[in-house]
1. P(r) tail for region 94-243, what percent of Cα pairs lie past 22 Å?
2. More than 13 Å apart: what percent of Cα pairs in region 78-121 qualify?
3. What list of ³J(HN,Hα) couplings, whole Hz, do you get for region 217-231 from phi and the Karplus terms 6.51, -1.76, 1.60, once you set θ to phi - 60° and write x for glycine and proline?
4. Pairs of lysines 8 or more apart, or on different chains, with alpha carbons under 20 Å: count those in the chain, would you?
5. Binning every alpha carbon pair distance of region 259-346 at 10 Å from zero, what are the percents per bin?
6. If you average the alpha carbon positions of region 36-61 and of region 187-233, how far apart do those two centres end up, in angstrom?
7. Where only protein heavy atoms count, and the probe is 1.4 Å, what is the accessible area per residue for region 91-163 in Å²?
8. Using amide H atoms built 1.01 Å from N in the peptide plane, name the residues 5+ places from ILE306, or on other chains, whose amide H lies under 5 Å from its own.
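The values are calculated or read from the model by the stated rules, or taken from the named source; none is laboratory data. This structure is a prediction, so every number in the text was calculated from the model and none was measured. All Cβ positions, even for glycine, are placed from backbone atoms using ideal geometry, and neighbour counts span all protein chains on display. Please note that ligands, DNA and RNA were not included when accessible areas were found on the heavy atoms of the full protein model with its side chains. Shrake-Rupley method; radii C 1.70, N 1.55, O 1.52, S 1.80 Å.
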Amino acid sequence: MISHDLSPLLLLLIPLLAGWLLDRWLGDPQWLPHPVVAFGKFIAFGERNLNRGSHRVLKGTFLTLTLVIGVMVVTGLLMLALMAWHPGAAVAVSTLVVFFCLAGTTLEREVRNVFRAADCSLEDGRRQVARIVGRDTAGLSEQEVRTAALETLAENLSDGVIAPLFWLIVLGWPGMMGYKMVNTLDSMIGYRTPRYEQFGRFAAKLDDAANYIPARLTALLMMIAAPFFRVSPSKRMADEAPSDTVGKKDASAVEPSNLCAFVRRYASCHASPNSGWPESVLAGILHCRFGGPHPYFGRMFYKPFIGHNNRPLDTDDMRTAIGVNRTAEVLMILLCVAAMWWGQQL
């Protein structure tokens with residue numbers, strides 16, 4: 001039994017480390033009820049009843065603010081009530097909050113499964129990657145299947161790991177749950193389609209704002225991890241002709257000493273103001289190319305390329321990418337521990 005005299009620092013550190021270790025061990029088991037499922041039901045109910053008629057931007061803003069503020073208030077009040085009743089109960093529930101809000105292990109497993117499926121057949125790869133991307137996958141080539149998986153791995157390191165931990169540091173457990181609601185709203189209604197363009201506009205903008213600092217922090221942590229991971233020299237050759245100055249420039253830009261320059265050049269080459277940061281770091285580490293045209297909801301969206309080395313991606317690249325993600329995740333946990341310790345010294 002956890003005693004009532006736990007120090008405030010332990011009340012923060014135990015849930016952080018226990019929740020993170022649970023995610024590393026279990027991921028998101030299908031048999032366990034997940035709060036995001038409840039979030040999705042609330043969002044779907046609000047969308048069905050409000051996304052009609054006029055003033056859709058206002059209605060979408062109302063729904064977004066109501067759900068985000070509501071989940072933060074409920075989480076805050078629940079934590080206060082549990083602390084007043086027994087700190088052990090608060091530790092147990094806050095451990096579950098961390099566990100449910102982190103998605104690093106599940107994403108790694110899904111990306112591994114995409115590469116394994118693609119090694120079996122193109123159709124298997126398309127079906128598997130459809131589980132983790134929003135784009136239409138029926139017409140993807142084998143290279144596009146693998147590229148989509150690695151793009152998602154980099155982007156969701158920020159969304160699924162670094163950002164929740166960042167908002168835990170900034171706003172505590174309510175901030176972590178509030179961010180999860182923001183991210184769920186964006187994933188459900190934050191699309192530029194006729195149905196959601198107006199209604200989901202505020203949710204998409206709020207998600208951009210919530211991820212602005214975490215995305216850049218993710219890129220920084222990945223760059224710190226980069227020296228521990230190298231691709232073979234043969235993969236560093238750009239696919240342009242040697243006389244092509246752009247190709248030669250890119251080939252040198254992805255050397256470890258010039259990774260920052262590569263990221264500065266390509267981080268803005270994305271429709272999202274945030275996703276390009278972690279994606280450009282991973283493209284630089286792997287000496288590969290991300291981006292390009294992607295089909296969404298029956299329409300083709302053209303995204304600038306991140307990098308120019310359009311070499312085939314393989315299982316070794318997947319392992320390297322997962323290694324980078326794991327190292328960045330550990331660095332973020334250490335940063336959280338340091339921030340919590342420092343906060344208790346003030």
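1. 53
2. 64
3. Values, residue by residue: 5, 4, 4, 5, 5, 5, 5, 5, 6, 3, x, 7, 9, 10, 9 Hz.
4. Summing the qualifying lysine pairs gives 7.
5. 16, 34, 30, 14, 5, 1
6. Using only Cα atoms to place each centre, the spacing works out to 22 Å.
7. It amounts to 34 Å² per residue over region 91-163.
8. PHE290, GLY291, GLY292
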